[in-house]
1. Scanning for something farther than 18 Å from Leu132 by Cβ, of a type in the set (A, V, I, L, M) and within 34 Å of the chain's Cα centre (by Cα), does the stretch 62-72 turn up at least one residue?
2. Just wondering, is there one or more residues in the stretch 252-266 that are touching a strand residue (DSSP E or B) at 6+ places or on another chain (Cβ under 8 Å) and aliphatic (A, V, I, L, M)?
3. Out of (1) more than 24 Å from Ile34 (Cα to Cα); (2) in a loop (DSSP other than H, G, I, E, B); (3) open to solvent by less than 100 Å² (accessible area, probe 1.4 Å), the odd one out for Thr326 is which?
4. Name the residue that is least open to solvent (accessible area, probe 1.4 Å), counting only residues in the stretch 439-452 that are farther than 18 Å from His463 by Cα and touching a Phe, Trp or Tyr at 6+ places or on another chain (Cβ under 9 Å).
5. Return the residues of the stretch 53-90 that are under 17 Å from Glu102 (Cβ atoms) and hydrophobic (A, V, I, L, M, F, W, C); say none if nothing qualifies.
6. So, restricting to strands (runs of 3 or more DSSP E) that lie completely within the stretch 116-188, which ones have at least 2 residues that are open to solvent by 20 Å² or more (accessible area, probe 1.4 Å) and closer than 22 Å to Asn282 by Cβ?
7. Restricting to the stretch 233-287, what's the tally of residues that are open to solvent by 20 Å² or more (accessible area, probe 1.4 Å) and assigned to a helix (DSSP H, G or I)?
8. Just give me the residues in the stretch 204-228 being surrounded by fewer than 19 Cβ atoms within 10 Å (Cβ to Cβ), part of a loop (DSSP other than H, G, I, E, B) and in contact with a helix residue (DSSP H, G or I) (Cβ under 9 Å, 6 or more places away or on another chain), in sequence order.
Amino acid sequence: MGNRGMEELIPLVNKLQDAFSSIGQACNLDLPQIAVVGGQSAGKSSVLENFVGRDFLPRGSGIVTRRPLVLQLISATAEWAEFLHCKGKKFTDFDEVRQEIEGETDRVTGANKGISPIPINLRVYSPHVLNLTLIDLPGITKVPVGDQPVDIEQQIRDMILQFITKESCLILAVTPANTDLANSDALKLAKDVDPQGLRTIGVITKLDLMDEGTDARDILENKLLPLRRGYIGVVNRSQKDIDGRKDIKAALDAERKFFLSHASYRHMAEKMGTPRLQRVLNEQLTNHIRDTLPAFRSKLQSQLLALDKEAEEYRGYRPDDPSRKTKQLLQMVQQFSVDFEKRIEGSGDQVDTVELSGGAKINRIFHERFPFELVKMECDEKEMRREISYAIKNIHGIRTGLFTPDMAFEAIVKKQVIKLKGPCVKCVDMVIQELINTVRQCSNKLECFPMLREETERIVTSHIRDRESRAKDQVLLLIDIQLSYINTNHEDFIGFANAQQRSSQTNKSQSSAGNQVPLCISSPSLSENLSCTLMGVCWSFAKAG
């Protein structure tokens, strides 16, 4: 690359990654990077070692990469490696690099195949590499081993998705050629987050292990499962070569010879192999950084302005300043008040999709629970007839009455109206309990100040309890008002004339019409009126003061 500024892009992004890692904070700037994704034994480690030209990654059966490895390759005149967690210590023996990766992995995950999303940052300086940054992610596994949880596959999948879902991340999908490409775990994951294949680079390994008479020509020519950035084939060392400590340089020469001599690949030999893959990744990562630079710069500037504004508030900050303590106290109390109102009014920032709470639950109490309690007040018709008969006879005394006395009517009606007190008081109790639950939920933000939280809950709860007694008094007063005067002119009241009209329309009830008292109260209208009245009383008392 001729542009010196472009060559400095990758090291600059590396410095940003190191800065965030060193302070223990996640980088939320979505830095451009390349994530290496593949199943177990897909050949990811061999590809990375071929880039460096050294054996430095842990090997073994089962899941070996158990933490993300941020591998920063930097072109230099000498060859050494250093870890971010061992700053200042240079590793010239790459066997020690492997041991350090294993030790640091076990330190966080344990020695029995556990996994962790906390990355290991490794920087390798070498004259044999191009500036490149890759993130080696754990291989996709199906069956848990050791002390791994039963959902290990989902955990690894979630970890991989944390990286590759970001639009700034290029995906290096590594798939062995001796498996069906349609069943590739790496390509399936990549397709889930990059359905158009715009960010995915395919790498086909183990081309030399394919069955005789078969080849991956259609795949490498990007005909079978097309990707915007295409596929590159590589040939890694076999397990026998690794055990025999075969030199990587010799392996690269053998890889070159394989592509030049194979009838299916010789026409594309210049576009295959590990050196070609390294050049392509360097070029594409640099171009990707360049393309995302404007949006990245804009986001960085906006975050910088926000941090400067926040830092300005702390210039001249004195922890013992009483005015600042008072201001902070007022802000927390005000925020508590705002959160409480949002939960009741239904305009909260976080929407609960698991259960009803706050205003929604209170609304359900008024419109579902309270009418249900009214419907439960079943009237035993036989008992009602007996009470009516006794009331009429007791009012007439020794006389034989001709008409139904008003006093008997009022006595029976009032006895039924009084039954409404129970459901009304119960409704108030349920609303009060939900208000108290809402207070406790809103006070969770004060958990860093337990005494303030406890006192806030006590004061607000006491106020609600005080309003509870006043709300109940008001509700009972409304029922007493209804008891004080029976309005027989109400449209829902069925008088004698209406009773006669209805009885004439129903042949089945003609025989018993003379024994029935013309009395009826419309339950739906009554429940609606009571619900509206109760809601107004409870809410007005809850917000009062």
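The values are calculated or read from the model by the stated rules, or taken from the named source; none is laboratory data. Just so we're clear, the structure is a prediction, and the values are computed from it rather than from any experiment. So basically every Cβ, Gly included, is an ideal-geometry build from the backbone, and we count neighbours across all protein chains shown. Surface areas here come from the heavy atoms of the whole protein model, side chains and all, with no ligands, DNA or RNA. Shrake-Rupley method; radii C 1.70, N 1.55, O 1.52, S 1.80 Å.
1. Checked the stretch 62-72: at least one residue is farther than 18 Å from Leu132 by Cβ, of a type in the set (A, V, I, L, M) and within 34 Å of the chain's Cα centre (by Cα).
2. In the first step, residues of the stretch 252-266 are kept if they are touching a strand residue (DSSP E or B) at 6+ places or on another chain (Cβ under 8 Å); the result is 259, 265.
Next, only the ones that are aliphatic (A, V, I, L, M) stay: none.
No, the stretch 252-266 contains no residue that is touching a strand residue (DSSP E or B) at 6+ places or on another chain (Cβ under 8 Å) and aliphatic (A, V, I, L, M).
3. Of the numbered conditions (1) more than 24 Å from Ile34 (Cα to Cα); (2) in a loop (DSSP other than H, G, I, E, B); (3) open to solvent by less than 100 Å² (accessible area, probe 1.4 Å), the odd one out for Thr326 is (2).
4. So the first thing to find is which residues in the stretch 439-452 are farther than 18 Å from His463 by Cα, and the list is 444-451.
With the extra rule that they be touching a Phe, Trp or Tyr at 6+ places or on another chain (Cβ under 9 Å), the set shrinks to 445-446.
Values: Lys445: 137, Leu446: 10 Å².
So the residue we want is Leu446.
5. Selection gives Phe56, Leu57, Ile63, Val64, Leu69, Val70, Leu71, Ala81, Phe83, Leu84, Cys86.
6. On the way: elements: 120-126, 132-136, 169-176.
Hits in the stretch 116-188: 120-126.
7. 25
8. Asp215, Glu221, Lys223, Leu224, Leu225
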